[in-house]
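Undergrad: Before I ask anything, let me first share the structure, which is written out below as structure tokens.
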Amino acid sequence: DPECPRTIGSKKADEIVWRKVCEALERPEVLLAGARRYVDELRCQAESILADKERVQRDLDGITMERQWVITQARRGGITQEDMDYQLGALTLQELNFKKELAECGEIVRLAALEGWEAAAREYLADIQAGLEWHKKAAPQSDEERREMFDEKRQIVKTLVKRVSITKDRDLEVTFQLNIMGLIEPAGDYCTIRTGGTYIRI
């Protein structure tokens, strides 16, 4: 917003973000609905992505053939060593881009085919909710306990929050993330659900 103040006190920011995280966890259906939409979109895209994957694989095979042709031309004296090095370097850059694209296609297809993520997500959010209940009931008795509670809150925020933006009137817009693949496998992709104001879905 043009009228965004661009600054906010860190204590106030912590309180607002934590409040919005608590609101999100009290209404896990909102997070799950956002994740469900994300997975449904990926499933709709999966067929065209599979076609893209096949195209990229053909392009990679073509680069392998072209690389062999360049080497053969250099051996026969058709091109200089410098030309060969230049062409092989260009082919290597293309190959890296195609491999990256292929990996991204593969990840999307895997995520679209993922089963059981919703049950795992519900269990995961329920575990975090249980931790929240403990935070509400347990008052820290020492500085060490206060620090431990702060660190646990920080970990919850880092797990669920992708981005926090300062909006007009020093309000904060919070974008949540849910690591769907990570609930099933050790590493994976995130889907994001943006919220703002007093936990309004956008």
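The values are calculated or read from the model by the stated rules, or taken from the named source; none is laboratory data. In this text, all values refer to a predicted model and were calculated from it rather than measured experimentally. Cβ placement follows ideal geometry from the backbone for every residue including glycine, while neighbour counts extend to all protein chains displayed. Each accessible area value is taken on the protein alone, full model and side chains, heavy atoms only, with ligands, DNA and RNA left out. Shrake-Rupley method; radii C 1.70, N 1.55, O 1.52, S 1.80 Å.
Undergrad: To the nearest 20 Debye, how big is the dipole of the range 105-180 about its Cα centre, given +1 on the beta carbon of each Lys and Arg and -1 on that of each Asp and Glu?
TA: Taking the Cα centre of the range 105-180 as origin, the dipole is about 280 debye.
Undergrad: Kindly provide the GluC sites (Glu not before Pro) of the range 106-160 that DSSP labels as loop, not H, G, I, E or B, and whose Cβ sees at most 14 other Cβ atoms within 10 Å.
TA: For GluC sites (Glu not before Pro) across the range 106-160 that sit outside H, G, I, E and B with at most 14 neighbouring Cβ atoms in 10 Å, the list reads Glu115.
Undergrad: Loop-only check: which trypsin sites (Lys or Arg not before Pro) in the range 1-76 are DSSP coil with at most 12 other Cβ within 10 angstrom?
TA: Arg6
Undergrad: Could you please state how large a percent of the accessible area of the range 96-149 is carbon and sulfur, counting protein chains only and using a 1.4 Å probe?
TA: 54 percent
Undergrad: With each run of n ≥ 4 DSSP H residues scored as -39500 (n - 2.57), what mean residue ellipticity at 222 nm is computed for the chain after dividing by its residue count and rounding to the nearest 500 deg cm²/dmol?
TA: After summing the helix terms and dividing by the residues of the chain, the value is -25000 deg cm²/dmol.
Undergrad: Probe of 1.4 angstrom, ligands and nucleic acids ignored: what's the accessible area per residue over the chain, in square angstrom?
TA: For the chain, the per-residue accessible area is 64 Å².
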